[in-house]
Amino acid sequence: MSGQDKATEQQFYDELFRKRGRFDQFQREIYEQVAQQARHGTSGKLALDIGCGSGTQSICLMEQGFAVVSVDLSFEATKIARANVAQTGSPLMVLNADVEHLPFSNSSIDACVCSLFLHHFTKLDGVAAELQRVVRPGGVVIANDANAHNPFVYLFFNVVHKIHPLPWLTPNQRAIGSGEIKEVFRRYGFGDFHFTSVTTDLRRDWLEKSFVFTLNFYARAFLMKMSNLVLPPIARGNGLISIFRRLPDPTT
């Protein structure tokens, strides 16, 4: 249903986390911003961090007062997230799980954060259907993805990567736009959509020190500055923040 080669995704991130350990490619501010938006979106206490990676997003959600459950398809990622959060002295349930088959009861989640996650799927229906099941009516979903409204991001992910696959991306990764998210999730009982773009700064220590990665770092910074000067607001950033809400069931 997802169009995703999950075995390849899992292997890619297992190898990456095994090799590199903590894997935070962006500055912490973007994770803090997403966590604040989750807090503003609900008075509930339970947050689900999907695609938790090394746990930075989960920690930021905890700092906003949430009890957090984190899931990742990569077993290596769950080990690192568990260890990183343990250093804060806070408890965290971390599960190795498939987002299309979550081990949670119906309508149990107040806030769901999908950080750098949706754009790993060629089709969003499976994710949307499962989030409809686990997010309570009135609950909020916040996603952060590669922004297809930005022409440079679109060219990088949806043209270059498809013609000449880049080894630091998974085969499924792509830029995604607000229209697709709204169309799919609306079919599964979500509404009250809000979209904004955000420019995220890459951590220089995340990139390798080769000429190619150095060129990528500075070229990316230049293109984002150009985007902020000449493009409309929804297209200026490399990231697309999507906020939407699980609507009440029509039968209730």
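Just how many pairs of Lys in the stretch 6-246 have C-alpha atoms closer than 29 Å, counting pairs that are eight or more places apart or on different chains?
19
Under the rule a/c < 1.5 gives rounded, and otherwise a/b versus b/c splits prolate from oblate, where does the stretch 13-52 land using the Cα gyration tensor?
Taking the square roots of the gyration eigenvalues as a ≥ b ≥ c, the stretch 13-52 is oblate.
Can you give the convex hull volume of the alpha carbon atoms of the chain per residue, in Å³?
Value for the chain: 120 Å³ per residue.
What ranking do 134-141, 69-76 get when scored by the average of other Cβ atoms within 10 Å per residue, highest first?
69-76, 134-141
Viscosity 1.567 mPa s, temperature 4 °C: give me the Stokes-Einstein translational D for the stretch 141-196 in µm²/s, with Rh taken as the Kirkwood radius over C-alpha pairs.
Approximately 104 µm²/s, per Stokes-Einstein.
Output the peptides 119-125, 40-46, 11-17 sorted from most to least packed, where packing is the average of other Cβ atoms within 10 Å over each peptide's residues.
Those peptides, ordered most packed to least, come out 119-125, 11-17, 40-46.
Let me test this: with uniform point scatterers at the alpha carbons of the stretch 16-158, what is the Debye-based log₁₀ I(q)/I(0) at q = 0.09, 0.12, 0.16, 0.17 1/Å?
-0.26, -0.46, -0.84, -0.95
Give me the percent of DSSP beta bridges within the chain that run antiparallel, rounded to the nearest 5.
DSSP beta bridges in the chain are roughly 45 percent antiparallel.
Taking a ≥ b ≥ c as the square roots of the eigenvalues of the Cα gyration tensor of the stretch 30-87, is the shape rounded (a/c under 1.5), prolate (a/b larger than b/c) or oblate?
Here the stretch 30-87 falls in the prolate category.
Pairs of alpha-carbon atoms within less than 8 angstrom and 6+ residues apart define the contacts here; what relative contact order does the chain have, in percent?
It rounds to 21 percent for the chain.
Taking amide H positions as placed 1.01 Å from N in the peptide plane, with prolines and chain starts having none, which residues 5 or more places from Ile176, or on another chain, fall under 5 Å of its amide H?
Hits under the 5 Å cutoff: Ala146, Asn147, Ala148.
Taken together, the values in this text are just the output of simple stated rules run on the coordinates, not laboratory data. Please read these numbers as outputs of a predicted model, since none were measured by experiment. For neighbour counting, all protein chains shown are included, and Cβ atoms are generated from backbone atoms with ideal geometry for every residue, glycine included.
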